[in-house]
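Have a look at the structure below before the remarks.
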Ligand code: ADP
């Protein structure tokens, strides 16, 4: 019962450990990168979708070459704005930071004029490297319909732009993203915000505030689905521009330092990122991250299902449940994405795989151990029966012989002989009963079922009785047994079992000694210990043999060769009995010279 409880606790422990390891594996930078790559794979741009409002007007290589204005973008900007004036876009977002004055004041004046005549202009700002907001000069800012920040959040670990900070709070100043401001201005709408979302023109953007930003996944369209018109070509593309929201910015490789990798693997200019973000808002195709609670709940569910499957089912059955589950763990991000939720791939997969591997291994070893234990229990029981049968043979033969004699010569036997025979039958029957009792006791001891008797008795008496019982055996081999020292010490325990143990040590000494040798018995007190030593001059054992003699059924080669009958379980029983009394057996031995077995038990 206790074993089963420990087994269940171990199982739950392994499951919990694997769960924890899986969670750890799922929440680190490497896992984050894998999750990102899975996201990139799963969020391919929708086929056939085209931008309907966003247009990029590009200050591209051709523009730079034609205008030669590498240092001063303002002239080009003026040209673009003037041309756009005729094309009549709905709004113009300028992704060029107009924070400083131009070298030629005339340029700034011209730009001011151009801005004045362009309706719905959104100017860009950003947090500069010195940590302050870089805003457009007031003369420009005052002409703008709005100012929006031009930051896009490239993922720190791999430099891929997946999310946009819809809002940015810095140094006490808050700016909305240029794409959002452009959308708001183009739709002449108001922003309504809550900590969880932002609403604009009837579109609810689920971008919860997080660390002074509101991250929003940009749903990139295919790169060619947003029209990119060179500043030089505005006039010939007025139709494409009319009524649209134009993002003006640098795309020329030589000048643009804001080129970004997007999930599809392509590299695009920053201004185009804003256009994609604009379209994401317009299309209202928003993704949100799965909450930590959801992720943890899914992981817990995986661990539980796997744990229950392996606990209740056996053979191939748990695998029939677990393998589809492992596949599901890998497929989950796709399923979640169908409901516009970004779900990590590593954490649930790691939890599922680790839990499955952990509990499967645990079950395998537990089942194996239980089998091995059952096998050895069976073997032990068989050997115990063998031992009992062997021990019973001698008294049975004596009883059989005596009773046969008595019945055959019933009237012819003299009175004295009859008395002897019935005395023999009596004593051998008692011995038989003792053997059966010992067998049962030892069985119950082995199963931990037996409560030892706890009664005080004198160890000296036990020594005397054992010596008395073993003397006839010793005499047959002309072995002399002497009691060198004796003590009166009280032991608390099972007298019969301890007597059995000591008697065994003495019979072994007789069995494994040549005839005409000497056996010395010494009992002494050593502090709290009572020691009874049985020293013989017998065959002895080497160190390797000594290590094994308490194992069941072990007999040394010399013992086998000695011709003495034995089963090799006596000492294991002796050891069990003595340890159950809180004691031990010390043995020293030299091959060919003799052994000394000392029974050590605590004194009362
Ligand atoms: P058994 O005597 O039936 O073989 P035991 O468990 O009593 O079984 O003893 C195990 C083995 O330990 C013996 O077979 C013998 O090899 C060795 N042994 C025990 N007592 C002695 C001893 N006094 N001298 C030498 N060997 C011994």
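Any read-out appearing in this document is the output of simple, stated calculations on the displayed coordinates, not a laboratory observation. Note that this is a predicted model, so its numbers are computed, not measured. A quick note on method: Cβ atoms are made from the backbone with ideal geometry, for glycine too, and the neighbour counts reach across all protein chains shown.
Values for this structure:
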| read-out | value |
| --- | --- |
| Sequence-separation-based contact order of segment 451-602, relative, with Cα cut under 8 Å and 6+ spacing, percent | 24 percent |
| Shape call, segment 409-534: gyration tensor on alpha carbons, a/c limit 1.5 | oblate |
| Order of 245, 43 under a 10 Å beta carbon neighbour criterion, fewest first | 43, 245 |
| Potential lengthening between residue 485 and residue 338 on full extension [0.36 nm per residue; Cα-Cα distance subtracted] | 43.9 nm |
| Per-residue Cβ neighbour rank within 10 angstrom, fewest leading, 130, 340 | 130, 340 |
| Potential lengthening between residue 116 and residue 20 on full extension [0.36 nm per residue; Cα-Cα distance subtracted] | 28.4 nm |
| Relative contact order for segment 50-284, counting Cα pairs under 8 Å that sit 6 or more residues apart, in percent | 32 percent |
| Percentage relative contact order, the chain, counting C-alpha pairs under 8 Å, at least six apart | 13 percent |
| Gap separating the Cα centres of segment 245-273 and segment 1-49, nearest whole Å | 36 Å |
| Rounded to 10°, Cα long-axis angle of helix 570-580 versus longest principal axis of the chain | 60 degrees |
| In degrees, nearest ten, helix 495-511 long axis to first principal axis of the chain (Cα) | 70 degrees |
| Rounded tilt (10° steps) of 346-408 against the dominant C-alpha axis of the chain | 10 degrees |
| Residues residue 8 and residue 233, FRET efficiency given R0 of 60 Å [Cβ-Cβ distance, rounded to 0.05] | 0.20 |
| Simple label model, 7 Å out from Cα along Cβ direction - residue 66 to residue 141, nm | 3.4 nm |
| Spin-label model distance (nm) - residue 170 vs residue 293, 7 Å beyond Cα toward Cβ | 3.4 nm |
| Packing-based exposure ordering (other Cβ within 10 Å, fewest first) of 280, 471 | 471, 280 |
| Helix-derived mean residue ellipticity, 222 nm - over the chain, DSSP H n ≥ 4, -39500 (n - 2.57), to 500 | -16500 deg cm²/dmol |
| Pairs of Cα atoms farther than 38 Å apart, the chain, % | 60 percent |
| All-pairs alpha carbon distance profile, segment 169-270, 5 Å steps from 0, percent | 2, 9, 15, 19, 20, 18, 11, 5, 1 |
| Contour minus Cα-Cα distance for residue 405 and residue 320 (0.36 nm per residue) | 23.4 nm |
| Spacing of the two label points (7 Å from each Cα toward its C-beta) at residue 394 and residue 191, in nm | 10.2 nm |
